[in-house]
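Structure first, commentary second.
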Amino acid sequence: MYKKIMVPLDGSELAESVLPHVEALIEGFNIREVILARVVEPSRHPYGGEGDIIDPKDLAKWEASRKSSAKDYLEQIARRFKREGTAVRSEVIVGRATESLADYAERSGIDLLIIATHGRSGVTRWVMGSVADKLLRSASVPVLMIRAPGT
């Protein structure tokens, strides 16, 4: 049923709370491919503090550093999933989180998205926003939302 799953991670403990569930799905469904994804949002403007303009070269270095850190983080997580028959790879995606993840999932033939959620509802979710909720509503593939322990 599920052969290719994507796991969006943002470096937080909350996001990583899905990893035991991913391990169980790999075992139970003989998942062929797991894609660990992290979104790096582009810089909004080339200004530093107090109206200073940041040199484009410095901005490019900073963006490259952020992408490299995201890749290193994902590769560290990927080491947890060494299992014969399952390919685990990491993908750094540049863009707005929800739209980029939904687009990537559709383009890449993802069968299932697995994402952690705070479990917020009502005004709190409306005020703070929820990538998980927005992804649930915008993705064209099934989304398994795991409520993080203690939330």
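Some values worked out for this structure:
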item: Looking only at segment 73-97, and only at residues there that are of a type in the set (Lys, Arg) and within 18 Å of residue 3 (Cβ to Cβ), the one that is surrounded by the fewest Cβ atoms within 10 Å (Cβ to Cβ); result: 89
item: Some residue of segment 111-132 being within 17 Å of residue 21 (Cβ to Cβ), modelled with pLDDT under 90 and part of a helix (DSSP H, G or I); result: yes
item: Helices (runs of 4 or more DSSP H) within segment 1-104 that include 3 or more residues among the hydrophobic types (A, V, I, L, M, F, W, C) and modelled with pLDDT under 90; result: 56-78
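The values are calculated or read from the model by the stated rules, or taken from the named source; none is laboratory data. All figures in this text were calculated on a predicted structure; none of them were measured in a lab. All Cβ positions, even for glycine, are placed from backbone atoms using ideal geometry, and neighbour counts span all protein chains on display.
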